[in-house]
Amino acid sequence: MTAKKTAFNDIHASLGGKLVEFAGFEMPVQYSGIIQEHLAVRTRVGVFDVSHMGEFEVRGNDALSFLQRMTINDVSKLTEGRAQYSALCYEDGGIVDDLLVYHCGSSFMLVVNASNIQKDFEWLRAHVKGGVELSDVSDAISLLAIQGPHSLGTLQKLTAINLKSIEYYHHVREKLAGVEMLISRTGYTGEVGFELYFEAKGHLARTVWSAVFDAGKEFGILPVGLGARDTLRLEMGYCLYGNDIDQTTNPLEAGLGWITKLNKGDFVGRDALVKVKEQGVRRKLMGFTLAEKAVARYGYPLSIDGSEIGHVTSGTFSPSLEQAIGMGYVAVEHAQVGGTVTVGIRGKQVPASLVRVPFVHKS
C-alpha cells in the first residue's frame, strides 16, 4: 500500500527532510538532526507536521453521554473552548488509545494516534447508541504543532487574538496567517506551544508554513521531525501508544490514574479498573536513568540480582540531560524511586536508577 502524504510533504522534501513510512504516512524523521531539532524546541521554537494524527467529529443530542461512556476522563467537566487528555479502554481495562477531547460548542472533536485511526473509529462506531453522529474527518485536516519558549512570540505576529489569553488545554477558532483555524494551547513536548488545525489543502499548508517560518526567523525557528518529537515527549515522561501503553496495559499501572475518573459513572472498562484499584496494581511504569550512554530499547529486560522484574517500553539519549533515559514496567514491589536495576543491553547488564518522571522539569 502506498504511504499517504500530508499537505506539507513537498515542503519536507524541499527542506531535505529524511522521509520515512510511519503509521501509513510518509513523514520526516529529521531535517538538520535530532539533537539540534530537539534543543531548538527546548530553547527557541520548532515546528512539527503532525497531520498524520486522526480527527473524529462527534455530534448529536447524545454526544456527551456517548463520550462519557467511551472515555475514562470526565467529559462533563468540559465547557466550550476547553480540551481534555483522556483514553479509550476495552472492557478488561486495556487501553484502546490515548486521545484528546475538544469541546467545540455544537460538537466534540477527538484527536487520536495515527496508527490507531481505523481501529479507534471502528471501536467507537460499534458502541454508538441514540442520537450520535460520528465522522472521521482526518483526511480533511492539517495539523501543525509550534512548540518552544518563543512559540507565542512567533505566532502572535500572525493573529489579532491575544494568544496569552488562551489557557493551557483551551482553544479558540480564529484566523492566523489569514487562515481560519482552531488554535489550541496544547502539545506533547512540555514546552509552551500551540497546535493549529485547519483545512488540508496544499495552498493553505504553504501559506501557514511560510508565515510561521518568516515570523519565527528572529528566534532561530527550525522544522522538527518525528525523531525529536519522540525524545522531547520521553524527557517529559509522556506515554507513547504502542510502546508505553497498549491493549495489554491499563491506565492505573501506566501512571494515568489522574485521568481515570472512576466516580463519574459507568464507562467501558470501569468495572475492570475498579478491581485493579481495589486489588492494587502488579506493576508500575517507571522512569530510569542509565549509568552509561548505551540506549535501552523497547523490550529490553529490567532485572535485579539476575531476576527479571520488568521490561523497557521507551528509551533514548536525552539531548537536554546528555544522559541515557527510559521508561519501563517494573513489578510493584521493586517500583521504588531511588532503587537500582540493570538493563540487559546486547548481553551486558547496565546499571540504571529508578527515578520520578518527568526527567526534565519545566517552570
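The values are calculated or read from the model by the stated rules, or taken from the named source; none is laboratory data. Because the structure is predicted, anything quoted here is derived from the model rather than measured. As a convention, Cβ positions derive from the backbone with ideal geometry for all residues, glycine included, and neighbour counts pool all protein chains shown.
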Can you find even one residue in the range 216-227 that is within 12 Å of the chain's Cα centre (by Cα), more than 18 Å from residue 282 (Cβ to Cβ) and not acidic (Asp, Glu)? yes
Looking only at the range 263-303, and only at residues there that are of a type in the set (A, V, I, L, M, F, W, C) and in a loop (DSSP other than H, G, I, E, B), the one that is nearest to residue 332 (Cα to Cα): 281
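Each row is one residue, and each column tells you yes or no for (1) out of contact with any strand residue (DSSP E or B) (no Cβ under 7 Å at 6 or more places or on another chain); (2) among the polar types (S, T, N, Q).
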| position | (1), (2) |
| --- | --- |
| 104 | yes, no |
| 122 | yes, no |
| 131 | yes, no |
| 151 | no, yes |
| 167 | yes, no |
| 175 | yes, no |
| 178 | yes, no |
| 193 | no, no |
| 198 | no, no |
In the range 274-322, what residues are closer than 27 Å to residue 40 by Cα, in contact (Cβ under 8 Å) with a residue 60 or more places away in the chain and out of contact with any strand residue (DSSP E or B) (no Cβ under 6 Å at 6 or more places or on another chain)? 316, 319, 320, 321
Tally, over the range 334-363, of residues that are under 17 Å from residue 301 (Cβ atoms) and at pLDDT 95 or above: 15
Which one of the conditions (1) assigned to a loop (DSSP other than H, G, I, E, B); (2) touching a residue at least 40 places away in the same chain (Cβ under 8 Å) does residue 232 fail to meet, given that it meets all the rest? (1)
Working carefully through the options 339, 299, find the one that is surrounded by fewer than 17 Cβ atoms within 10 Å (Cβ to Cβ), of a type in the set (Gly, Ala, Ser) and farther than 23 Å from residue 227 by Cβ. 339
